[in-house]
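Engineer: Sharing a structure here in structure tokens format.
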Amino acid sequence: MMDKWLDSNDLVPYDNQVGGHKFTKEKPLLGLLKHKEGYILKSVEGGTKGKNEVRFYEELRKNESLINLRKLVPLYYGTVTLEINGLDITFIILDDITTDMKKPCVMDVKIGSQTWEPGCSEKKKNDENAKYTNCKEQWSFCIPGFQVYDLSNSNLVQPQKYDKEFGKSLDPGQVISVFKTFLNLNSGYLGLEKLVQSFTTQLDHIRRYFQTQKHYHFYSSSVLLAYDAETLKNDKNTFPSIRVSLIDFAHVTPADGNIDLNYLQGITNLWTLFRTQLLHNN
């Protein structure tokens, strides 16, 4: 779709990626790239995973009955094939939800206690069950990674990054503390209440959608939370710039008319955490 003007020379690894595999020229099928115009390019992995994700986005674009779901995911611009390190690689082209953010704080929250899809191999099932086990069992979600600009330390000009190894070793009892770190709740800014309120509202919107949607079941899919720390003001009436988006659809399956209880439990727990542990408690 965009191969007439997309040039691989205009691409760089995506700095704000906090979950999943990182792009390298040695492993071009992994990770995200960013185009200078603000698009995200996600490589279409080999086998059924990548094709499944493309199929999801294509149906989402064409099926008008999914318009409410379409509003919850990044804008999709199609696919493009580019030469990377001598290989022709196909990419999904998506909107970057952190575009125009000066200090993007981003968290990847993988939703659901079950992150393997029905019909997968026993090895895949066992591998998934061994990851983030305690957090998934207690919270029905886990945190593969996040980055935050620490507003309580003016000497830090780069975001602090917490990768998947941090998430895998995270004790479930520390999850609330991790969200407080991500949200800069120790910074004392008066605008923090509006920040938490905005996220709580967006998560409730997603929760309400999953209370009724019976088109897909989502496995190993994430909610991406993002806000611009630059817009967090010492003013209790100012709403900071935030974005919340569903991402990662390689393991989406047909719902066959059934509610996705696995996802609904995870997103409900995440919303409840914000509503009861973070809102009015900073």
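Engineer: In a GNM of the chain with a 10 Å cut-off on Cα contacts, which of Glu230, Glu53, Glu64 has the highest mean-square fluctuation?
Structural biologist: Maximum among the listed residues: Glu64.
Engineer: What is the set of long-range amide H partners of Ile84 at a cut-off below 5 Å, with H atoms built 1.01 Å from backbone N?
Structural biologist: For Ile84, whose amide H was placed from the backbone, the distant partners under 5 Å are Ile89.
Engineer: Find how many whole Å separate the alpha carbon centroid of the range 118-149 from the alpha carbon centroid of the range 35-105.
Structural biologist: Between the Cα centres of the range 35-105 and the range 118-149 lies a distance of 23 Å.
Engineer: So, one more: Suppose R0 equals 45 Å. What FRET efficiency, 1/(1 + (r/R0)^6) with r the Cβ-Cβ distance, do Asn126 and Glu230 give to the nearest 0.05?
Structural biologist: Details: r = 43 Å, r/R0 = 0.96.
Taking R0 as 45 Å, the efficiency between Asn126 and Glu230 is 0.55.
Engineer: Can you bin the range 48-166 into rounded, prolate or oblate? Criterion: square roots of the alpha carbon gyration tensor eigenvalues sorted a ≥ b ≥ c, rounded for a/c under 1.5, prolate for a/b above b/c, oblate for the rest. Let's see the in-between values first.
Structural biologist: On the way: a/c = 1.59, a/b = 1.13, b/c = 1.41.
Oblate, since a/c reaches 1.5 and b/c is not below a/b.
Engineer: Do any cysteines of the chain lack a neighbour Cys whose Cβ is under 4.7 Å away, and which are they?
Structural biologist: Cys105, Cys120
Engineer: Per 0.36 nm of contour for each residue apart, how much would the distance between Gln160 and Asn85 grow if the chain were fully extended, relative to their Cα-Cα spacing?
Structural biologist: On the way: separation 75, 0.36 × 75 = 27.00 nm, distance 3.05 nm.
Taking 0.36 nm per residue and subtracting the Cα distance, the gain is 23.9 nm.
Engineer: Whole number in Å², please: accessible area per residue of the range 94-177, 1.4 Å probe, ligands, DNA and RNA not counted. Write down the numbers at each step before the final one.
Structural biologist: On the way: 4180 Å² over 84 residues.
Counting only protein heavy atoms, the per-residue value for the range 94-177 is 50 Å².
Engineer: Let me ask you something else. Give, rounded to the nearest 20 debye, the magnitude of the charge dipole that the chain has about its Cα centre when Lys and Arg contribute +1 at Cβ and Asp and Glu contribute -1 at Cβ. Show your work: numbers first, answer last.
Structural biologist: Values: 34 positive and 34 negative charges, 99 e Å.
Approximately 480 debye in magnitude.
Engineer: Something else: Pop out the ³J(HN,Hα) list for the range 108-123 in order, Karplus 6.51 cos²θ - 1.76 cosθ + 1.60 with θ = phi - 60°, rounded to Hz; leave Gly and Pro as x.
Structural biologist: For the range 108-123, the Karplus curve yields 9, 10, 7, 9, x, 6, 9, 10, 10, 8, x, x, 6, 5, 4, 4 Hz.
Engineer: Report relative contact order for the range 24-137 in percent, whole number only (criteria: Cα-Cα under 8 Å, sequence separation at least 6). Can you show the working numbers first?
Structural biologist: Values: 114 pairs, mean separation 24.5, N = 114.
This gives 22 percent for the range 24-137.
Engineer: Kindly flag which residue pairs out of Lys103/Lys164; Lys51/Lys110; Lys102/Lys194; Lys34/Lys180; Lys125/Lys180 have an alpha-carbon separation exceeding 27 Å in this structure. Numbers along the way, then the final one.
Structural biologist: Numbers: Lys103/Lys164 21 Å; Lys51/Lys110 21 Å; Lys102/Lys194 19 Å; Lys34/Lys180 29 Å; Lys125/Lys180 32 Å.
Violating the 27 Å limit, Cα to Cα: Lys34/Lys180; Lys125/Lys180.
Engineer: In addition: Test of the criteria: in the range 43-81, which trypsin sites (Lys or Arg not before Pro) are in a DSSP loop and have at most 14 other Cβ atoms within 10 angstrom of their Cβ?
Structural biologist: Working: sites: Lys49, Lys51, Arg55, Arg61, Lys62, Arg70, Lys71; in loops: Lys71.
Within the range 43-81, the qualifying trypsin sites (Lys or Arg not before Pro) (loop, at most 14 other Cβ atoms within 10 Å) are Lys71.
Engineer: Now for a separate question. Show which lysines lie in cross-link reach of Lys123 when reach means a straight Cα distance below 19 angstrom and same-chain residues fewer than eight apart are skipped.
Structural biologist: Counting by Cα, and skipping residues close in sequence, Lys123 has these lysines nearby: Lys49, Lys131, Lys136, Lys168.
Engineer: Around His217, with a cut-off of 13 angstrom between Cβ atoms, what is the net charge of the other residues, counting Lys and Arg +1 and Asp and Glu -1?
Structural biologist: Numbers: positive: Lys214; negative: Glu117, Asp256, Asp260.
Taking every Cβ under 13 Å from that of His217, the sum is -2.
Engineer: Taking amide H atoms as placed 1.01 Å from N in the peptide plane, list the residues 5 or more away in sequence, or in a different chain, whose amide H sits under 5 Å from that of Lys34.
Structural biologist: Sorted by chain and number, the residues that satisfy this are Val12, Tyr14, Leu41.
Engineer: Considering only protein heavy atoms and a probe of 1.4 Å, how much of the accessible area of the range 118-167 is carbon and sulfur, as a whole percent?
Structural biologist: Values: 1330 of 2880 Å².
Solvent-exposed carbon and sulfur of the range 118-167 make up 46 percent of the total.
Engineer: Sticking with this one: Tell me, what HN-Hα J-couplings in whole Hz come from the Karplus equation 6.51 cos²θ - 1.76 cosθ + 1.60 at θ = phi - 60° for each residue of the range 217-233, using x for Gly and Pro?
Structural biologist: 10, 10, 10, 6, 9, 10, 9, 9, 9, 9, 8, 9, 4, 5, 8, 7, 10
The values are calculated or read from the model by the stated rules, or taken from the named source; none is laboratory data. What you see is a predicted model, and the numbers here were worked out from it, not measured in a lab. Methodologically, a virtual Cβ is constructed for each residue, glycine included, from the backbone with ideal geometry; neighbour enumeration extends over all protein chains shown. Surface areas here come from the heavy atoms of the whole protein model, side chains and all, with no ligands, DNA or RNA. Shrake-Rupley method; radii C 1.70, N 1.55, O 1.52, S 1.80 Å.
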